[in-house]
Amino acid sequence: MNFIDGEGSIIVPKSVRPIIEYEETLLGTKKGAKKQFRYGQLHIREYKDCYIVHTDKVDPRKDPLGHLLIDAPEYLAATIAGLKAARQAGCTVYAEKKGATALVDGLRAAGLAGTVAAKCTYIVSSLIKQLTRSI
């Protein structure tokens, strides 16, 4: 069995470590895991037969912004792009519309534009992160 996954995380079979007694957390991407835990800078995901473990450079419980900047910049980039696109689209539609539906139409445009921009930015920045990790 290979004990390193494609992202450089360590795979620990449950036969080696059947129980994790660390603090369960909602912070982090679950990536299909049943649960996830944090212990210091360790981020542990629990799957059916194994745990996948990696070390974050910054603990998100102690420094959320630092964690976004260093360990998860794709989320920060997606959030900024989504908010900027939402603001631009919402303001543009609201200013151009007249009548009772202007606010609703502006909010609808903001939601759609923000979602599309955030998802696209997340995908592109995640690919860039993966490519630069392998260099």
Q. Out of all the residues in the stretch 55-70, which are within 22 Å of PHE3 (Cα to Cα) and within 15 Å of the chain's Cα centre (by Cα)?
A. ASP56
Q: With the condition kept exactly as written, say whether any residue in the stretch 4-24 is surrounded by fewer than 12 Cβ atoms within 10 Å (Cβ to Cβ), over 30 Å from ALA110 (Cβ atoms) and hydroxyl-bearing (Ser, Thr, Tyr).
A: yes
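With the structure loaded, tell me whether GLU21 is among the acidic types (Asp, Glu) and over 17 Å from the mean Cα position of the chain (by Cα) or whether it fails that test. Give the derivation first.
On the way: among the acidic types (Asp, Glu): yes; over 17 Å from the mean Cα position of the chain (by Cα): yes.
It is true that GLU21 is among the acidic types (Asp, Glu) and over 17 Å from the mean Cα position of the chain (by Cα).
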Q: Pull up the stretch 103-126, narrow it to residues that are of a type in the set (S, T, N, Q) and under 13 Å from LEU76 (Cα atoms), then point me to the one that is modelled with the lowest pLDDT.
A: SER126
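The values are calculated or read from the model by the stated rules, or taken from the named source; none is laboratory data. None of these values were measured; they are calculated from a predicted model. As a convention, Cβ positions derive from the backbone with ideal geometry for all residues, glycine included, and neighbour counts pool all protein chains shown.
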